[in-house]
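Read-outs throughout are calculated quantities, based only on the coordinates presented, and are distinct from any laboratory measurement. Computed from a predicted structure; not experimentally measured. Please note: Cβ atoms are built from the backbone with ideal geometry, for glycine as well, and neighbour counts cover all protein chains shown.
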Amino acid sequence: MAGDWEAYLDSLAAFGMRPGLERVDALLEALGRPQQAFRTIHVVGTNGKSSTTRYSEALLREHGLRSAAYLSPHITGWAERVVIEGAPVDADVFGRVVEQVRAAVAALPVALGDTTQFEVLTVAAFLAMAEAGVQAAAVEAGLGGRLDATNVLQAPVVVLTNIALEHTEVLGDTRAAIFGEKAAVIHGGDAVFGPLDGLESLAEARCATARAQGHYWGRELRASGTPEAFGVTMADRLGRRTYAGLRLPTMAAYQVGNAALAVAAVDLLLGGLNEERVRAALAQAAVPGRLQLVRRAPTVLADGAHNPHGVGALAASLGPIARPAPRVLLLAVMRDKAFGQMLETLLPLADAVVCTQASEPRSLTAAELAAAVRKVGGPRAVTETPDPRSAYAEALRQAGARGSVLVTGSLYLLEDLAGTLAGEGDADG
């Protein structure tokens, strides 16, 4: 039953993160190596992974391949993490493959230790894709890269979106160290790099070591324009290719870069793309929780920015967007993020802040977040409302019919509000 597999996944959260590949490798071996049944684009980086993964899947699908994507975290339910042919896998199907993985977990040697939630999800995703006859998939890494469960792949194309300080207790306390962890998923083939901001020499060294061909933002790969009209140019061993007249169904300026990385990755995997199909794929590729227009009276925008880099990109995208006053910020933040830096960027964008907390245990409490807001020096009106749904109602009340609400700080907050926001009627685009 669905409830059984969902309860099983919930129970695995207690084991936390235990980086390593031994358990995943053993499970995949026991289940017939399903990850070898399809070609893969492996997406790593600090921000933009989910969007780049979704855009890649859309491009693969539009070019006639049976496509899939593996994403994390989910917003509405576990099955949302596995997209096949543009739609989340059926919950009953996902529950069945989770139970298959669960049986394989029970047979693992005790010496391998407890299997984590993300490991089970990753193996289940690969199994679901193989059983569905997927030909090519875009796979989003979880935490890091080198010891991430997804690094069992030997992907012919890797995308590294960008590098910023995050999860420093696990990945290292410098951008160079974090790059090393994430770039370790490059095992030959082609590597597409987003803006590296000074780490280019490390990328070149990694490509040399892994015998991979690097494709660098601003060199082999360029993009220009806005979500309403942009173009992507590639110049490499295959020649010069230009994909023009592209459009995305979003107001988020930062998505142009993510879409360009996806175009480059799929171009390299398939050896070139059809320009009309690129246009068609991206024009329909909506990414939930990325500067999503949820409601118009008051204006409600939702964005899953959850670290300083992501918040900075969000702030830049908000510049040309009309957000009528009073501007209310509905916020929840994980305690392992650099939330002080996030607040310094977000608070100038608000006239009032409603602090809440996500159901994820790592979330700051509403009171802790409110204290941090006051310490940074935010708006005078700071409200603490621990329950996310009640907090959303309070934000709407404060905004009134003529104001605006920005919901951000954590994808887990968007997950907690998924039903509520969906009930508003999605007006994205």
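When N counts the residues of the chain, how does its alpha-carbon radius of gyration compare numerically with 2.2 N^0.38 Å, as a ratio? List each step's numbers first, then the result.
On the way: Rg = 21.0 Å, N = 429, 2.2 N^0.38 = 22.0 Å.
Normalised Rg, Cα atoms only: 0.95.
Calculate the spin-label point distance for Arg33 paired with Ala176, positioning each point 7 Å from the Cα along the beta-carbon direction, and give it in nanometres.
Each label point lies 7 Å from its Cα, and together they span 3.8 nm.
Figure the gain on full extension for Glu276 and Lys375 (residue separation times 0.36 nm, minus the Cα-Cα span) and round it to one decimal in nm.
On the way: separation 99, 0.36 × 99 = 35.64 nm, distance 5.15 nm.
Working it through step by step, the gained length comes to 30.5 nm.
Counting only Cα, what are the radius of gyration and maximum Cα-Cα distance Dmax of the range 292-424, in Å?
Just the Cα atoms of the range 292-424 yield Rg and Dmax of 12.9, 35 Å.
Cut-off 10 angstrom, C-alpha nodes, Gaussian network model of the chain. Which of Glu62, Glu80, Glu360 fluctuates the most?
Of Glu62, Glu80, Glu360, the Gaussian network model singles out Glu360 as fluctuating most.
Taking amide hydrogens as modeled 1.01 Å from N in the peptide plane, which residues meet the under 5 Å criterion relative to Ala138, leaving out close sequence neighbours?
Ile41, Ala68, Ala69, Tyr70
Tell me the net charge near Ser404. Cut-off is 14 Å between Cβ atoms, Ser404 excluded, with +1 for each Lys or Arg and -1 for each Asp or Glu. List each step's numbers first, then the result.
Numbers: positive: Arg295, Arg296, Arg323, Arg327, Arg397, Arg402; negative: Asp303, Asp351, Glu424.
Summing Lys and Arg as +1 and Asp and Glu as -1 gives +3.
Please report the antiparallel percentage of DSSP beta bridges with both residues in the range 301-429, rounded to the nearest 5.
Numbers: 1 of 16 bridges.
Around 5 percent antiparallel, to the nearest 5.
Could you give P(r) for the range 245-298, binned at 10 Å from zero, as whole percent values over all Cα-Cα pairs?
Over the range 245-298, the share of Cα pairs per 10 Å bin runs 22, 49, 21, 6, 2 percent.
Can you list the DSSP H helices in the chain whose Cα atoms extend at least 18 Å along the helix axis and whose mean Kyte-Doolittle hydropathy is -1.0 or higher?
Values: long enough: 49-62 (20 Å, -1.11); 91-106 (22 Å, 0.69); 117-131 (21 Å, 1.30); 255-270 (22 Å, 1.62).
The qualifying helices are 91-106, 117-131, 255-270.
Starting from the 7 Å offset along Cα-to-Cβ, what nm value, one decimal, do you get for the label separation of Ala235 and Arg211?
In this crude spin-label approximation the distance works out to 2.9 nm.
Amide H of Ala191 versus every other amide H placed in the peptide plane: which residues, excluding those fewer than 5 positions away on the same chain, fall under 5 Å?
Residues meeting the amide H criterion: Val158, Gln213, Gly214, His215.
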